[in-house]
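Let me begin by presenting the structure, written as C-alpha cells, before commenting on it.
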Amino acid sequence: MANTKVAIIGGGQVAETKHIPSYLEIEGVEIVAVLNSNKENARQFALKNNIPGYYGDIHELLKKEKPDLVSVCTPNKFHYEHVTSALEAGCHVLCEKPPSILAQDAKEVMELAERKGLILSYNFQHRFSLEARRLREEYCQGRLGDVYHVNLSALRRSGVPGWGSFINKDLQGGGPLIDIGIHMLDTAFYILGFPKVHKVTGKMFKKIGPYKSEGSFGQWDPEKYEVEDSFFGFIELSNGGLIQISTSFALNIKETKQLNAEFHGDQAGATLYPLEIYTDHKGEFVTLVDEEMVEDQAERRAIHSFVRTCRGSAEEVIASGEEGYRIQTLIESLYKSAELGESIYI
C-alpha cells in the first residue's frame, strides 16, 4: 500500500507544533512538502522539520508533488484560496479554523468538495476532547433532558497575541470571536447536534487593545490594533433555546482565562471542563457525572480522524464542510449584528 502523501500549506507555529507531529504518528503518512509565500522561509521550515519539498507557489506544489491530503494553516484571509486550489487538484483538505472570513466562501468550498467527492474538514479540535465526546453521548441519551440554555466562555484577561496577524482585521476577519470563541461555538453545536438558528444578536468592544501594548501573550502595536477585544452574543434557536457567548482577547476579569461551556437542561445541567453533570433533588445538589479527564490529545485525535476518513473509514467523526459553513454563517451574522446594531435572522 502506497504512503499517504501530505502537504502543509503555511509553515508556521500551528503547522509545526500541531499538524506535523500528528501526521507523523500515523503509519504510512509521509509529509512531502511545505508552502510559504516566502520561498526562503519555506526552505528553512522544511530543513528544520525534515520535509523534502518546499515551495512559494501552491499550484507548483500541487502539480509536482500530487499530495493526497493537504493541511491549510495560513492566515484566515487565504483559507478560501488555498482550500479551493487543493480541492481543484483532487486533494482531501483539513483547514484550520475559521473555515473562511466570508460564509459564502465556506459554502462554495463545501459544494466544491461535494461535487468532487473529496473530504473537507475543519480543525475544530475541542469537539474531539474526551469531555465533549462523553457529554455528546450523555445528551443523546437524554441525561440532560431539554437543553434550553447554554453559556459559552472563551475569555482572556490580557491575552492579545503578540505574534502573527491576530490584530489585523484584513487578514483575520476579526478578533476573539473568530479566533477562540468559534471553538466553543462549534463544540456546543456539535454536542447539541447542530440545532437550527432563528436569530443572533451581537455586541463588540474595542476598549483595551488600542490603548495598551503588552500582556501575557507578548507585545503589540496599539496603533495597528484593528479587531474587537471582546464580543458578547446571543443565539436564539428555532426550538426556543438560547446560547450565550462571551469571548475576549482582553477583558478585566479575575481569572487569567476562562474556557468552558455550561448546559442547562430541564433534567440536569452540565459543565464541559472538567466534565460534570448535576441536578437538584428536593433542594439538594446531586452529582450524576464527575470525571477529571486529564488528557490533551484532542488536536491529534482530530487529525487522526481526518486521515482515517480520507482512507475510507465511515465510522469517524469529523468537522465537515457543511458544519464549517454553518459555524461560519453564525460568526458572520454575529459580526454583522454588532456592526449594524440589530438582530440578524438566519
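The values are calculated or read from the model by the stated rules, or taken from the named source; none is laboratory data. Predicted model only: the values in this text are computed from it and were never measured. In this analysis, Cβ positions are derived from the backbone assuming ideal geometry, glycine residues included, and neighbour counts consider all displayed protein chains. For the accessible areas, the whole protein counts, side chains as well, though only heavy atoms, and no ligand, DNA or RNA atoms are used. Shrake-Rupley method; radii C 1.70, N 1.55, O 1.52, S 1.80 Å.
Looking at the square roots a ≥ b ≥ c of the eigenvalues of the Cα gyration tensor of the range 1-69, which shape do they give, rounded for a/c under 1.5, prolate if a/b is larger than b/c, or oblate?
Details: a/c = 2.04, a/b = 1.22, b/c = 1.68.
Note, shape of the range 1-69 comes out oblate.
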### Task
Per DSSP H run of n ≥ 4, the term is -39500 (n - 2.57); total these for the chain, divide by its residue number, and report the mean residue ellipticity at 222 nm rounded to 500 deg cm²/dmol.
-9000 deg cm²/dmol
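Loop only per DSSP, at most 15 neighbouring Cβ atoms within 10 Å: give me the trypsin sites (Lys or Arg not before Pro) in the range 258-330, ordered by residue number.
On the way: sites: Lys282, Arg300, Arg301, Arg308, Arg311, Arg326; in loops: Lys282, Arg311.
Answer in residue order: Lys282.
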### Segments 221-231, 271-281, 70-80 sorted - mean Cβ within 10 Å per residue, highest first
70-80, 221-231, 271-281
## Note on the structure
The distance between the Cα centres of the range 141-176 and the range 49-92, in whole Å, is 27
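Assuming R0 = 35 Å, what is the FRET efficiency of Val289 and Lys206, from their Cβ-Cβ distance, to the nearest 0.05?
On the way: r = 40 Å, r/R0 = 1.14.
Rounded to the nearest 0.05, the efficiency is 0.30.
How much of the accessible area of the chain, probe 1.4 Å, is carbon plus sulfur, in whole percent?
Values: 7560 of 16090 Å².
That share works out to 47 percent.
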### Summary
The simple spin-label model distance between Glu81 and Thr256, using points 7 Å out along Cα→Cβ, in nm, is 3.7
### Task
Please give the per residue accessible area of the range 1-112, computed with a probe of 1.4 Å over protein heavy atoms only, in Å².
44
### Task
Among (i) 1.08; (ii) 1.01; (iii) 1.27, find the value of Cα Rg over 2.2 N^0.38 Å that was calculated from the structure presented, and write down its label.
(ii)
### Query
Which of the peptides 96-108, 196-208 is most tightly packed, and how do the rest follow, going by the mean number of other Cβ atoms within 10 Å of each residue?
96-108, 196-208
### Task
Kindly identify the range 111-172 as rounded, prolate or oblate by the Cα gyration tensor criterion: order the square roots of the eigenvalues as a ≥ b ≥ c, call it rounded if a/c is under 1.5, otherwise compare a/b with b/c, prolate if a/b is larger, else oblate.
oblate
### Task
Out of all DSSP beta bridges with both ends in the chain, state the antiparallel percent to the nearest 5.
60
### Task
Give the long-range amide H neighbours of Val29: residues separated by 5 or more places, or on another chain, with amide H under 5 Å away, using H modelled in the peptide plane at 1.01 Å from N.
Thr4
### Query
What are the lysines whose alpha-carbon lies under 24 Å from the alpha-carbon of Lys169, with same-chain residues fewer than 8 places away excluded?
Lys77, Lys97, Lys107, Lys203, Lys206, Lys207, Lys212, Lys224, Lys257, Lys336
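How much length would be gained if the chain were fully extended between Glu30 and Tyr273, taking 0.36 nm per residue of separation minus their Cα-Cα distance, in nm to one decimal? Don't skip to the answer; put the middle values down first.
On the way: separation 243, 0.36 × 243 = 87.48 nm, distance 3.47 nm.
Stretched out fully, the Glu30 to Tyr273 stretch lengthens by 84.0 nm.
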### Message
I'd like the Karplus ³J(HN,Hα) series for the range 16-33: coefficients 6.51, -1.76, 1.60, θ = phi - 60°, whole numbers in Hz, and an x wherever there's a Gly or Pro.
### Response
6, 8, 10, 5, 4, x, 5, 5, 5, 6, 9, 4, x, 9, 10, 8, 9, 6
